[in-house]
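Report on one structure; see the data block that follows.
The values are calculated or read from the model by the stated rules, or taken from the named source; none is laboratory data. No experiment lies behind these values; they were computed from the predicted model shown. Cβ placement follows ideal geometry from the backbone for every residue including glycine, while neighbour counts extend to all protein chains displayed. Side chains included, ligands, DNA and RNA excluded: accessible areas come from the protein's heavy atoms. Shrake-Rupley method; radii C 1.70, N 1.55, O 1.52, S 1.80 Å.
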Amino acid sequence: MRTDPHLDLEARPETYWPDEPSLEQRVGRIRGLYRRRRALDMLEAGTLDADDPILTPALRDDVREAASATHPLLMGGEYLPDVEEETDEVEIARIELLSTTGDTYSIRARKAEGAIAYRMVDEYSNGFDLGTSAEPLALGELIARLEGVDIGYAELGVLPTIPECFLEENLRNEVTVEELRHFVTVTSPFYRELEPYYRGRSVPRRVAG
């Protein structure tokens, strides 16, 4: 893990299930990549109202299909599996790729017997076990778990860690370095330092210096 004197690796949210979710946390429940980014822009501009329909976590099937037909990037995130309501599952972070269809990985926490269980899911029915903990993860613990999961690129000789694996694989597909500078985004409504941490990691290694 990269060390950063300005990064508080011990920062830990009190809970993933606040009694009254903040507006930022409600934005974090929006499934679609494009809708979430637009909501974040509105939040930053101070124009997002708590009753805005953009805050709807998941679209109806007919609306989702119509949006997908308009542009494939509008599919991004909208086809993630439902959260497990019976375990109060909630998304705590996500990885978004500016691929043609906006491929999205959702990192989720759910209540288990005397513990919190974590998993990462994508839109292609793949699931990755991220273990359990007795309390919400500290930032450093979350990063370690993300970087310890093999999402299937190791056998190709590509770094299995996130986000380098996505960048390296796309460089092999003759995508230019400049096109990849904003290809991967890692965000979280519970860990504000996660995005800036990975922003520096989301530049291909061959030009990172």
Please get the size of the charge dipole for the stretch 1-134, origin at its Cα centre, with Cβ charges of +1 on Lys and Arg and -1 on Asp and Glu, quoted in debye to the nearest 20. 380
Using a 1.4 Å probe and counting only protein heavy atoms, arrange HIS71, HIS6 so the residue with the most accessible area comes first. HIS6, HIS71
Taking θ as phi - 60°, what are the ³J(HN,Hα) couplings along the stretch 122-129 by the Karplus curve (6.51, -1.76, 1.60), each to the nearest whole Hz, with x for Gly and Pro? 10, 8, 10, 6, 8, x, 10, 6
Got a sec? Charge dipole of the stretch 1-115, +1 on Cβ for Lys and Arg, -1 for Asp and Glu; which of LEU74, ALA112, TYR16 is way out at the positive end? LEU74
For the stretch 23-157, report the accessible area per residue in Å² (1.4 Å probe, heavy atoms, rounded to an integer). 50
